[in-house]
Amino acid sequence: MEKQALPNSTLILVLGILSIVGCCCYGIGIILAIITLVLAKKATTLYNENQELYSGFQNVKTGKILAIVGIALGAIYLIYVIFIFVTIGMDGYMEMIEEMKRSAGA
């Protein structure tokens, strides 16, 4: 019997990559990572029931690892943003951005 591809294995991998790419987008990466982990859990359960029927489990494992890294990076970024807003406030943050723009344009 020929093995069939595990459902959503490619989607899990792509969402895992996008969770890392989106980690600096104010929580979008965390949302993608959580969706990835839910899909990976379903795919892992399906694979463990009938391992001889499915291929593509490596994509699921890789996507799951990337999602965990995406959650960690997204959480670190959110903590950093909250820290910046608590310490210098919105006005200080906007001044900091304006200074960066001026120094980049000079």
Listed values (1) 12, 26, 29, 20, 8, 4, 1, 0; (2) 16, 31, 23, 15, 9, 5, 1; (3) 15, 50, 27, 7, 1, entry calculated as P(r) over Cα pairs in 10 Å bins from 0, in percent: (2)
Angle in degrees between helix 57-87 and the longest Cα principal axis of the chain, rounded to the nearest 10: 20 degrees
GluC sites (Glu not before Pro) restricted to DSSP loop in the stretch 40-98 with at most 10 other C-beta within 10 Å: 52
Helical mean residue ellipticity (222 nm; -39500 (n - 2.57) per DSSP H run of 4+; nearest 500) of the chain: -27000 deg cm²/dmol
For the stretch 10-23, 3J(HN,Hα) per residue [Karplus equation, 6.51 cos²θ - 1.76 cosθ + 1.60, θ = phi - 60°, Hz, x = Gly/Pro]: 5, 4, 5, 5, 5, 5, x, 5, 5, 5, 6, 4, x, 5
Under 5 Å, built H, 5+ apart or other chain: amide partners of residue 55: 4, 5, 6
The stretch 4-105: Lys pairs at Cα distance under 15 angstrom, eight or more positions apart or on different chains: 4
Percentage relative contact order, the chain, counting C-alpha pairs under 8 Å, at least six apart: 35 percent
Segments 99-105, 18-24 sorted - mean Cβ within 10 Å per residue, highest first: 18-24, 99-105
Chymotrypsin sites (Phe, Trp or Tyr not before Pro) lying in DSSP loop within the stretch 1-92, provided at most 15 other Cβ fall within 10 Å: 26
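Read-outs throughout are calculated quantities, based only on the coordinates presented, and are distinct from any laboratory measurement. These numbers were taken from a predicted model, which means no experiment stands behind them. Counting neighbours? That spans all protein chains shown, and the Cβs are built from the backbone with ideal geometry, glycine included.
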